[in-house]
Amino acid sequence: IMSFSQFAAPAKDPALEAAFKKRASGITPDAIATIVYTSGTTGQPKGAVLTHSNLTAELRSVVRSLGIVSGDITLAFLPFAHILARIESLIPVFSGTTLGFAENINTVTQNILELRPSVLVAVPRIYEKIYANIQSQVSAQPPFRQSIFRWATQVGRQVARMRSEHKTVPLALQMKYKIADQLVFTKIRAKLGGRIRFSISGGAPLSPTLCEFFHACGIPILEGYGLTETTGAVTINRLEDYSFATVGKPMDGMII
C-alpha cells in the first residue's frame, strides 16, 4: 500500500517510468477498462467485459440526459461491484463533479447532512427506508401536525401527477402547494441536505406511490433501466419529462 503522494511522485527508476508511459500511451478506446460481474445470474459468475469506449459513451449519455453540471455533488454508498455505482464513481472524472464517500451504510443519513448532495443515486430499498423514517417521525407528532402532513401530501401528490401528465397546475392548487411546501416539504428536504436537484433509482422497480411522494416533496426520483452488459442505463426519465412506474425514454445517443 502506498500513499497518493508516493504514487504521484516521479518514479526514481527511469526504466519503470518509461514502462508506465508506454503502457499508458498504448491504451485505446477499444482496450478493456474493466470486467464487471453481473448480479443475479445462476451458475458460474459471468463477467461483462467493458472497454474505455463503453464507459465514455455511457458517461456522456448520462451527463447529457440528466443535465449534470460540474457544480453537482453526489454521495457514494452503493457497492462498486455493481455497474450503477461504478458509473457514479466515474462521472466526476468525466464531468468534474464532486463525489463524497459515505463512511459506511449506517452513517449515510448523517453523511447526507454533512455533504448536502445535489444528486442522490440509490436503489429502491434506500428510498423505502427514508420514507419509513419520515412516516415514523410523523406518527410521533400530535394529531394536528399529522393532519397537516396528510393534507400537504395530498396536495403535493396532485401537483406531481399533473406535472407528470404535462398539465397546467391551477392557480388555486399552486397556492396550496406553496403553503404545503413551507409547512412540510421544506423540512423533509432539509433532512436530506436541502439542495437535492433530483435523485436516481435503479436496480429494481420503485413503488409508484413512493416515487409520487418524493416528487410531491420536491425531490424528484428518476427511474431508469439498464444492464451490466450495456454499461449501465439505456433508458431514464427526465426532470422535464417523467412518468411514474416507467423507466423513461432512451438516453441521448442510445439506439434501441
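The values are calculated or read from the model by the stated rules, or taken from the named source; none is laboratory data. All figures in this text were calculated on a predicted structure; none of them were measured in a lab. Heads up, the Cβs are rebuilt from the backbone with ideal geometry, glycines too, and the neighbour counts pull from every protein chain shown. Just the protein is used for accessible areas: all its heavy atoms, side chains included, with ligands, DNA and RNA removed. Shrake-Rupley method; radii C 1.70, N 1.55, O 1.52, S 1.80 Å.
Is there a quick way to get the dipole size of segment 87-230? I mean about its Cα centre, with the Cβ of Lys and Arg at +1 and of Asp and Glu at -1; what is the value in debye to the nearest 20? Spell out each step's value before the answer.
Working: 16 positive and 9 negative charges, 150 e Å.
Value, rounded to 20: 720 debye.
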Discussion item. Here are labelled values, (i) 36, 21, 19; (ii) 28, 23, 18; (iii) 40, 21, 17, and one is the computed semi-axes √(5λ) of the Cα gyration tensor in Å for what I pasted. Which one?
Written reply: (iii)
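Stretched out fully, how many nm does the piece from Lys191 to Thr42 gain, at 0.36 nm a residue minus the Cα gap?
Values: separation 149, 0.36 × 149 = 53.64 nm, distance 3.99 nm.
So the chain would gain 49.6 nm between Lys191 and Thr42.
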Discussion item. Report the number of Lys pairs in the chain whose alpha-carbons are under 25 Å apart, with separation of 8 or more residues or on distinct chains.
Written reply: 11
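Using the Cα centre of segment 1-98 as the reference point, and only Cβ charges (+1 on K/R, -1 on D/E), how large is the resulting charge dipole? Debye, rounded to the nearest 20.
Numbers: 8 positive and 6 negative charges, 35 e Å.
Its charge dipole is roughly 160 debye.
Output the relative contact order of the chain, whole-number percent, from Cα pairs under 8 angstrom with separation of 6+ residues. Before the final figure, lay out the partial values.
Working: 365 pairs, mean separation 47.6, N = 256.
It comes to 19 percent, rounded to a whole number.
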Worksheet item: What is the local net charge at Tyr37, summed over the other residues whose Cβ is closer than 14 Å to its Cβ (Lys, Arg +1; Asp, Glu -1)?
Response: +1
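Taking all protein chains in place and a 1.4 Å probe, what share, in percent, of the accessible surface of the chain do carbon and sulfur account for? Can you show the working numbers first?
Values: 8820 of 14800 Å².
Ligands and nucleic acids excluded, carbon and sulfur give 60 percent.
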Fill in: Dipole magnitude of the chain about its Cα centre (Cβ charges: Lys, Arg +1; Asp, Glu -1), debye to nearest 20
700
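Leaving ligands, DNA and RNA out of it, rank Val49, Val184 by accessible area with a 1.4 Å probe, largest first. Intermediate values should be presented prior to the final figure.
Numbers: Val49 80, Val184 15 Å².
Of Val49, Val184, the descending order of accessible area is Val49, Val184.
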Discussion item. Not counting ligands, DNA or RNA, and with a 1.4 Å probe, what is His82's accessible surface area in Å² rounded to the nearest 10?
Written reply: 80
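Can you compute the FRET efficiency between Val138 and Thr51 using 1/(1 + (r/R0)^6), with r the Cβ-Cβ distance and R0 = 51 Å? Round to the nearest 0.05.
0.55
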Worksheet item: For segment 65-168, what is the accessible area per residue in Å², given a 1.4 Å probe and the full set of protein chains?
Response: 54
Worksheet entry | Protection proxy ranking, peptides 66-76, 130-140, 223-233, average beta carbon neighbours within 10 Å, highest first | 223-233, 66-76, 130-140
Worksheet item: Of Leu192, Pro220, Ala204, which is farthest on the positive side of the dipole of segment 171-238, counting Cα position, with +1 on Lys and Arg Cβ, -1 on Asp and Glu Cβ, and the Cα centre as origin?
Response: Leu192
Worksheet item: Dipole of the chain (Lys/Arg Cβ +1, Asp/Glu Cβ -1, origin at the Cα centre): which of Thr34, Gln137, Ala18 lies farthest to the positive side?
Response: Gln137
Response to the item:
Note on the chain: helices (DSSP H) long enough, at least 27 Å by alpha carbon along their axis, and hydrophobic enough, mean Kyte-Doolittle at least 1.0, are none
Worksheet item: So how far, in whole Å, is the C-alpha centre of segment 51-101 from the one of segment 231-256?
Response: 16
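Give, as a single signed number, the net charge of other residues whose beta carbon lies under 12 Å from the beta carbon of Gln158, with Lys and Arg counted +1 and Asp and Glu -1. Write out the running numbers ahead of the final one.
On the way: positive: Arg157, Arg161, Arg163, Lys167, Lys176; negative: Glu165, Glu212.
After counting each charged neighbour, the total is +3.
Just reorder Val93, Val155 by solvent-accessible area, largest first, 1.4 Å probe, all chains present.
Numbers: Val93 120, Val155 5 Å².
Descending order: Val93, Val155.
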